[in-house]
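Below is one structure, written out as structure tokens; the observations come after it.
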Amino acid sequence: MTNNSSQAIPTVHTPFIQTYLHGTKADLKLGELLEVGYNSNFGKQNKAKYLYLTATLDPAVWGAELALGEMRERIYLVEPTGPIEDDPNLTNQKFPGNPSMSYRTQHPLKVVGEVTIWQSHSADQLKEMKDAIAKLDAQGIRAIE
């Protein structure tokens, strides 16, 4: 079929933006802002200086599984409202570069969705990770600032 109209069909451009994830046990709502200054979900629960986010699912799963508290593990899609930087807890210290695509920011993260289907780590993997964190903690090394 031929289009005999003299009007051109407009081209719709849809920019692809990076998706970011945040794993936690907090019950958040769409549009809610995560902000620094609240007690951390990790370690000694000090006031958080940074918010952590990732562009890959596995670190978000770890974030949800390792977060303190009894609430359900959740992974949210988040949108940074300001600049982000590589997470120094994972980049260059443990892994060259940033293969896990893990970041941190001091600016709010806006909750724009939730990942509801994801695979947990095995009980053995989770125990191994918790044991490694406990060992670092005993040495005075904080896994997350």
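Considering only the range 63-78, state which residues are surrounded by fewer than 16 Cβ atoms within 10 Å (Cβ to Cβ) and in contact with a Lys or Arg (Cβ under 6 Å, 6 or more places away or on another chain).
G69, M71
For the range 34-71, which positions are in contact with a helix residue (DSSP H, G or I) (Cβ under 9 Å, 6 or more places away or on another chain) and modelled with pLDDT of 85 or more?
Y52, L53, T54, W62, E65, L66, listed by residue number.
Of all residues in the range 112-145, how many are at pLDDT below 90, assigned to a loop (DSSP other than H, G, I, E, B) and of a type in the set (A, V, I, L, M)?
3
Scan the range 1-33 for residues that are among the small types (G, A, S) and modelled with pLDDT of 65 or more and jot them down.
Across the range 1-33, the qualifying residues are G23, A26, G31.
The values are calculated or read from the model by the stated rules, or taken from the named source; none is laboratory data. Note that this is a predicted model, so its numbers are computed, not measured. Because the Cβ atoms are built from the backbone with ideal geometry, glycine has one as well, and the counts that use them run over all protein chains shown.
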